[in-house]
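The values are calculated or read from the model by the stated rules, or taken from the named source; none is laboratory data. All figures in this text were calculated on a predicted structure; none of them were measured in a lab. When we count neighbours, we look across all protein chains shown, and the Cβ atoms used for this are built from the backbone with ideal geometry, even at glycine. The protein model used for the area step is the full one, side chains on, heavy atoms only, and it has no ligands, DNA or RNA in it. Shrake-Rupley method; radii C 1.70, N 1.55, O 1.52, S 1.80 Å.
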Amino acid sequence: MKKISILLSSLIMMLFVFALANPAFASVSVIGELTRKYTVKPGGTYEGTIYLRNKGEKPQEVKIEKKDYLFYKDGSNKFNDPPSHPRSNAPWVTLTPSKATIPPGETMSVNFKIHVPNEQNLNGTYWSVIMVEPVEDITPETILKTEDKKLTMSLKVVIKHAIQIITDIGDTGTTKIKFLDKKVISKEGKRFLEVDIENTGDRFLTPQLWVEVFDQEGKSLGKFQGNKYRIFPGCSVKFFADISSIPKGKYKALIVADSSGEKIFGTRMNLDIE
């Protein structure tokens, strides 16, 4: 029975991850943007609406909760419940309703209000997520069944939607990042420069990575575009730039994280391509 429990937990987790990448599995969908950003001031009140649609053929009960959302360069993330992060704005948010049943083919609205505390020491970015989760009756009995004295298994998929609620206190707070690990890796027959970046400031940033490579005489071999990510304070992300076209040798590299004109950050490294 212990082996069955371990197998069952693994299968449910695999399906949950697979379902996140395949929204067609979901009967309930979020209409509109999954990110809501507000520029606020202490003591202010701000309102918004989230629309949910039931695309299924039967009524679907959902619960709506507030959680912290943190993520790190190793690919891990945290959805703290109850919220506890010092930059969480979840305590500022009220939801109506917190649970509802959506008829098939119908759309319902979830209203939220952001009540910013009237505290003058607030600065930078505060954020959280509103998590929408279908309520499913999943028990060992609904998953494990016996047929002709044989144990069989059925699977249910549960899809969760996270709507980010971002509040910037005016233009206050510092914008800083820290370059962590930098190395060349090979992946799927290509060569990449892998750069880990942490947001060490007070405001969220969305930097675009690019790398310029120079030979030993200082001649540029070109700029190589990387990916673009949003990074909240205290969080970190792994960036990649495809440098497959650079031949083997020793080079100098200028690594730049460009935050769309807000601020540009850079660092240098010796690049040894073997």
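Among the listed pairs Lys73/Lys250; Lys78/Lys238; Lys178/Lys219, those whose Cα-Cα separation exceeds 22 Å are Lys73/Lys250; Lys178/Lys219. Using Cα pairs closer than 8 Å and at least 6 residues apart in sequence, work out the relative contact order for the range 198-274, in percent. The normalised contact order for the range 198-274 reaches 33 percent. What FRET efficiency, computed as 1/(1 + (r/R0)^6) with R0 = 35 Å and r the Cβ-Cβ distance, is obtained for Asn270 and Thr39, rounded to the nearest 0.05? Once rounded, the FRET efficiency stands at 0.25.
For Gly173, the amide hydrogen comes within under 5 Å of the amide hydrogens of Gly124, counting only partners 5 or more places away or on other chains and with H modelled in the peptide plane.
Along its three principal directions, the equivalent ellipsoid of the range 174-232 from the Cα gyration tensor extends over semi-axes of 25, 15, 11 Å, largest first.
The label point for Ser260 and the one for Asp74, both projected 7 Å from the Cα toward the Cβ, are 3.1 nm apart. The accessible surface of the range 184-260, taken with every protein chain in place and a 1.4 Å probe, is 48 percent carbon and sulfur. Considering only Cα atoms, the convex hull volume of the range 48-130 works out to 117 Å³ per residue.
Place a +1 charge on the Cβ of each Lys and Arg in the range 154-274 and a -1 charge on the Cβ of each Asp and Glu, then give the dipole magnitude about the Cα centre in debye, rounded to the nearest 20.
Values: 20 positive and 16 negative charges, 64 e Å.
The dipole magnitude comes to about 300 debye.
Under 12 Å of direct C-alpha separation, and excluding same-chain neighbours fewer than eight residues apart, Lys190 reaches these aspartates and glutamates: Asp242. Find the relative contact order for the range 170-243 and round it to a whole percent, using C-alpha pairs within less than 8 Å whose residues are 6+ positions apart. It rounds to 33 percent for the range 170-243. Between amide H atoms placed 1.01 Å from N, distances below 5 Å from Gly56 occur with Gly105, all of them 5 or more places distant or on a separate chain. Heavy-atom accessible area for Lys263, with the other protein chains in place and a 1.4 Å probe, reaches approximately 90 Å².
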